1. Would you order B:Y53, B:Y45 from fewest to most other beta-carbon atoms within 10 Å of each residue's own beta-carbon?
2. For B:Q117 paired with A:E48, estimate the spin-label separation in nm (one decimal), with each label point 7 Å from Cα along the Cα-to-Cβ line.
3. Which order results if B:L240, B:L152, B:L11 are arranged by neighbouring Cβ count within 10 Å, fewest first?
4. Tell me which of B:W253, B:T204, B:G25 sits at the most positive position along the dipole axis of the stretch B:3-280, charges placed on C-beta atoms (Lys, Arg +1; Asp, Glu -1).
5. Amide H neighbours of B:G227 under 5 Å, at least 5 residues apart or on other chains, H built in the peptide plane: list them.
6. Counting only residues 5 or more places away or on other chains, whose amide H sits under 5 Å from the amide H of B:G112 once H atoms are built in the peptide plane?
7. With a length cut of 30 Å (Cα positions projected on each helix's long axis) and a Kyte-Doolittle mean of at least 1.0, go through chain B and give me the DSSP H helices that pass.
8. Have a look at A:F133, A:A174, B:A141 and report the one farthest towards the positive end of the charge dipole of the protein assembly as shown, computed about the Cα centre with Cβ charges (Lys/Arg +1, Asp/Glu -1).
Amino acid sequence: MRVIIKRIASAIPVLALVSIMVFLMLQLLPGDPATVILGEEATPEAVEAMREHLGLNKPLIVQYFDWITKVLQGNLGESLVDGTSVNQLIMERLPATIELALGSFLVALLIALPCGILSAARPNTFADHLCSFISMIGMSIPHFWLGMMCIIVFAVELGVLPASGYVPFFDDPAENLKSIILPVVATGFRESAILMRMIRSSMLEVLQSDYIRTAKAKGLSEMTVLFGHALKNAMIPVITTSGIMLAGLLGGLVITESIFNIPGYGKLVIDSVFNRDFITVQSAILVSAVFVVFINIAVDLLYAFVDPRIRLGKEGNS
Amino acid sequence: MNRKSQSVYALAFHRFMRNKQAVLGAVIILGLVFVAVFAPFLTHYDPIFDQDYNAVLASPSSAHIFGTDDLGRDTFARLVYGARLTTAAAVLPVAFAFFVGVPIGLYSGYKGGFIDQWIITRLVDALQAFPSLMLALALAAVLGGGFLNAMLAIGIGFLPAFIRITRGQVIALKNQEYILAARSIGCSNLRIALVHILPNVMPTLLVQITLAMATAIISEAGLSYIGVGASPEQPSWGSLLRTAQSYLVTQPWVAAFPGLAISLVVLGFNMMGDGLRRALDPKIKQ
């Protein structure tokens, strides 16, 4: 319990800094933000009204506290385009992005887990070199280009999957699955490369430890040693990588959503950038950063939960 | 010190040269630089102004070996000249992150205390909370799009890694005997940081630089693809892909060549980075 409280407390200054950085984003606008938002041709009255709306006439520190108070009350403001609540916009777009992120992560795991284990179990063999090559290719091919190639092959040439668009799961589960296959494969392949390397090196390290040698000496089968004894410990550092990856995916599906025209969170940010809807951009960036901080906390706690050495060590120290 | 570090680098160079994959990576990167420098000698088309309206979206032929784009511009010429932007995309953000991040990391790690623990570390933590692409988009929103702003945005995204790596290495090194010896003979902190610590942090940074360059190229291409990086007329490989998106069904080769070029160059940086890591840290398990 103490570990949990300490970890959450340590995130507070980070969250405060994140909020300050996001708040100051609007101040980076060259010139008067109200004029930049409305355009040079706006009347002085309109500019003044916008300044009032954004609270720009108040001192900076007051502006920050006004803004953060609203944010903490769950009010992210209104879109500058049509006055829609940003909360509503984000809530509408999040499900598609969460589905894509989880789907991509699943694909990454499905590729990385067998390849990583095989590589580590048979180091310096053809299988290992092949997996390393796949991993190197995965890290090098831009996922948006892979997505385009997938569209050409599976949507244009073979016509088996849709080229773009998104059908919500609760509208039509089968069509939903079809609409997310290409984006999750294109993104998941890239992520699998990093995960594969992590699993390989972690497994290699575990396979050289004394308890594995003992297990082999007892005459246990290779499968039992690999899956029953080594994998559990090898997966501990992989949890961190997976957490960071998942957090990154939630904010990093911007381009995937753009290629496949999926109305997700990333697409919302891109559209808002082009519409100069700074309030929506500001709020969306804040939410994605807060997500990352909380996922990191969750990963740290999970890490302590699955590894008694960390948990007991920390409790012992505290 | 100098002779020792030379021998360390000489050994690493030998190990690097024995790694075929790493050498291939270096050759690909040299190829990129060669194409970027000698672009005018490799094609007689101008990548922006030579527009052949009779050959719009032409398929590969002897006149245009990689075909043409939607304005009849030669794709090969745009790829060749695009190597310049790609080289800049690899160098500029990483140079920014290096020259800003490394001094901060050196100071933070060496001095420690309140500024390190409560200011720099927290700022790095906060900066790391922003997904890099989101950060780039946010900066594009406030500063406007464009190649240089994209470079700055990508560079800011790299800062936490450079600060953290340098800081971590400095903390590991600063209480070593040779540093204590340097301090005892009256070396200034600046001299210790630059002459005695930095050269020992460089091997790790070198690997980070190479791998960050690979990421920078993909990020620049991504930002140009979504329209907040290089402008559409600039022959960035990402801009080429943006154009290609509209013609995926009818002219798929328009997307093929820029994507292959990006993949090849990024592969080169990744292979070289891997090779450098293995060469500079022989303890890594093969």
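What follows is calculated from the coordinates using simple rules that are stated; it is not laboratory data. Bear in mind the structure is a predicted one, so any value in this text is a computation, not a measurement. Here Cβ is always computed from backbone atoms with ideal geometry, including for glycine, and neighbour counts include all displayed protein chains.
1. B:Y53, B:Y45
2. Simple spin-label model gives 5.2 nm for this pair.
3. Least to most surrounded, the residues fall as B:L11, B:L152, B:L240.
4. The one lying farthest along the dipole's positive direction is B:T204.
5. Residues meeting the criterion, in which the H sits 1.01 Å from N, do not exist here.
6. Long-range HN contacts for B:G112: none found.
7. Span-like helices here: B:75-111, B:147-173, B:198-226, B:253-280.
8. A:F133
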